[in-house]
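Student: Submitted below is the structure of interest, expressed as structure tokens.
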Amino acid sequence: MPERQNISLSHGKLAKLLEDVDAGHRLSTVEALSLFEVKGREIWDIAKVADMIREKETGNNVTYVKNQNINVTNCCINSCGFCGYSRKPGDSDVYYYTKEQIQEKVLEAVERNVTEICTVSGLHPDFNADSYTDIISWIHEAAPNVHIHASNPMEVAYGAKKSGVSTREMLTRMRESGLGSLCGTAAEILDDGIRKIICPGKVTTFEWKSIIKEAHEMGIPSTATIMYGHVDKPKHILAHLNIIREIQDDTRGFTEFVPLSFVHYNAPIYLNGIARAGATGREDISMYAISRLFLDNIRNIQVSWVKLGRKMAQLGLISGANDMGGTMYEESISKGAGAKDTDYMDPYDMQIIAEDIGRDLKQRNTLYDLMN
Ligand code: SF4
């Protein structure tokens with residue numbers, strides 16, 4: 001179908017656009033932008049079509065992974081404006097887990113039958129490439145059968161720079177140490193103007209894209225994320241979604257897309273009056289629904305119950321999302337930003353949420369193979 005330009009969405013035009021998308025039309029950025037501008041009850045029309053497409057692509061299941069987070073240190077050279085987790089050397093509550101402490105946590109995780117250990121940390125001033133490969137190999141040594149979902153393009157770039165190696169070499173070493181997949185965090189919003197405001201010390205949009213593509217080309221899959229609801233506008237979200245869709249067209253390396261709603265309570269950009277107090281409920285629903293409609297090449301859209309809370313997460317699952325993410329067991333980053341109840345969600349509670357919307361809860365592994 002031909003590309004549309006600057007459509008103004010009357011009720012009739014919205015209905016026609018959604019009908020076309022349901023029939024296979026690929027949304028242009030202009031069309032998707034107009035969907036983000038929809039307010040009022042028509043938001044449910046968008047969510048309904050997103051949910052229908054979700055059903056066609058992923059069936060009636062709500063999936064989840066049994067995982068455990070290990071955030072090895074909160075000591076960080078960066079000062080991202082949305083981060084309430086990082087600390088500086090000498091701060092009273094700065095921490096760093098030793099090899100013994102990490103392996104103790106890993107063994108606890110194995111006792112709980114987790115299939116994935118997820119680890120991302122602060123950028124410790126003493127870390128280099130070996131620090132990251134050591135952490136991965138310590139986890140792998142203690143739990144050789146557990147999938148290690150670790151690091152993100154920022155950590156890859158940081159470790160590589162500190163040791164004077166290329167990012168490809170860094171990724172190779174990480175894989176040899178036991179890395180199973182790369183975290184698609186540190187993406188925030190892939191727009192350098194926004195990044196200068198919220199995370200000036202982080203990798204640029206170009207660097208994030210290059211490292212993710214490099215990983216995918218090497219056969220290392222990753223997740224993809226977006227953090228929205230701070231100083232961003234829909235045009236920035238669309239620029240981000242477009243980058244994710246283009247990478248996926250090239251590499252097919254993303255396993256899932258995870259919209260992360262900004263948690264503002266302890267975030268410096270909120271406390272300093274730069275950012276607003278997070279996305280509204282309408283924006284959260286729009287984000288999930290339009291992600292499903294726009295990212296026609298990414299099968300799995302994950303709700304973040306940690307960011308959204310359980311009730312909004314359930315609404316996300318009937319607005320295009322099909323996955324509940326992980327059980328977590330330990331979570332520090334959103335908690336640091338002021339989110340509540342972030343540590344653990346029992347599969348029993350996930351089942352109540354899924355059954356309440358007529359869906360079946362299924363356990364999966366990191367790469368979305370079903371476990372039951
Ligand atoms: S978001 Fe990550 S890199 Fe940024 S300050 Fe926090 S811990 Fe450091």
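Student: Going by amide H atoms built from the backbone, whose H comes under 5 Å of the H on residue 326, apart from near neighbours?
Tutor: Under 5 Å from the amide H of residue 326: 65.
Student: Taking amide H atoms as placed 1.01 Å from N in the peptide plane, list the residues 5 or more away in sequence, or in a different chain, whose amide H sits under 5 Å from that of residue 119.
Tutor: Here the answer is 70, 149, 150, 151, since their amide H atoms fall under 5 Å of that of residue 119.
Student: Sticking with this structure for a sec: If I take every Cα pair under 8 Å that is 6 or more residues apart in the chain, average their sequence separation and divide by the length, what percent do I get for the relative contact order?
Tutor: Taking the mean separation of contacting Cα pairs over the length of the chain, I get 23 percent.
Student: Out of every Cα pair in the range 1-120, what percent are spaced more than 26 Å from each other?
Tutor: Value for the range 1-120 (Cα pairs over 26 Å): 56 percent.
Student: Once both axes come from the Cα atoms, what is the angle between helix 153-163 and the longest principal axis of the chain, in degrees from 0 to 90, rounded to 10?
Tutor: Long axis of 153-163 versus the principal axis of the chain: about 30 degrees.
Student: Nearest 10 degrees, 0 to 90: what angle lies between the long axis of helix 42-58 and the longest principal axis of the chain (Cα atoms)?
Tutor: 60
Student: Considering only protein heavy atoms, with the full assembly of protein chains and a 1.4 angstrom probe, order 371, 345 by accessible area, largest first.
Tutor: 371, 345
Student: Now a separate question. Please compute the net charge surrounding residue 186, taking Lys and Arg as +1 and Asp and Glu as -1 over other residues with Cβ under 11 Å from its Cβ.
Tutor: Every neighbour counted, the sum reads -1.
Student: Right, next: Residue by residue, what Karplus-based ³J(HN,Hα) values in Hz, rounded to whole numbers, does the range 258-275 have, using 6.51, -1.76 and 1.60 with θ = phi - 60° and x for Gly and Pro?
Tutor: So the J values, rounded to whole Hz, are 10, x, 10, 6, 4, 9, 9, 3, 9, 7, x, 5, 7, 5, 8, x, 8, 10.
Student: Can you pull the three principal axis extents for the Cα set of the range 131-227, in Å, largest first?
Tutor: Largest first, the range 131-227 extends 42, 27, 23 Å along its Cα principal axes.
Student: Please give the helix 347-356 orientation as an angle from the longest Cα principal axis of the chain, in degrees from 0 to 90, rounded to the nearest 10.
Tutor: Long axis of 347-356 versus the principal axis of the chain: about 0 degrees.
Student: Taking H as built 1.01 Å from N, whose amide H comes closer than 5 Å to the amide H of residue 256, not counting residues under 5 places away?
Tutor: The answer is 224.
Student: In Å, what is the Rg of the alpha-carbon atoms in the range 230-372, and how long is Dmax?
Tutor: Cα-based Rg and Dmax for the range 230-372 come out at 15.5, 48 Å.
Student: Could you check which residue among 61, 145, 322 shows the biggest mean-square fluctuation in a GNM of the chain with a 10 Å Cα cutoff?
Tutor: Its mean-square fluctuation being the largest, the pick is 145.
Student: Out of the DSSP beta bridges found with both residues in the chain, what percent are antiparallel (nearest 5)?
Tutor: Here the share of antiparallel DSSP bridges comes out near 10 percent.
Student: Kirkwood Rh over Cα pairs of the range 86-147 into Stokes-Einstein at 37 °C, 0.692 mPa s: D in µm²/s?
Tutor: The diffusion coefficient I find is 257 µm²/s.
Student: With springs only between Cα atoms under 10 Å apart, run a GNM on the chain and tell me which of 362, 196, 311 wobbles the most.
Tutor: 311
Student: Leaving ligands and nucleic acids out of the surface, order 185, 119 by accessible area at 1.4 Å, largest first.
Tutor: Result, largest first: 185, 119.
Student: Moving on to the next point. Between residue 282 and residue 91, what is the label-point separation in nm under the 7 Å Cα-to-beta-carbon projection?
Tutor: 3.6
Student: Something else now. By the 4.7 Å beta carbon criterion, which cysteine residues of the chain come out unpaired?
Tutor: Singleton cysteines: 75, 76, 118, 183.
Student: Just the projected area, averaged over all directions, of the convex hull on the alpha carbon atoms of the chain: how many nm²?
Tutor: 17.5
The values are calculated or read from the model by the stated rules, or taken from the named source; none is laboratory data. All values reported here derive from a predicted model rather than from experimental measurement. Virtual Cβ from ideal backbone geometry, glycine too; neighbours counted across all protein chains shown. Heads up: the accessible areas ignore ligands, DNA and RNA and are worked out on the full protein's heavy atoms, side chains in. Shrake-Rupley method; radii C 1.70, N 1.55, O 1.52, S 1.80 Å.
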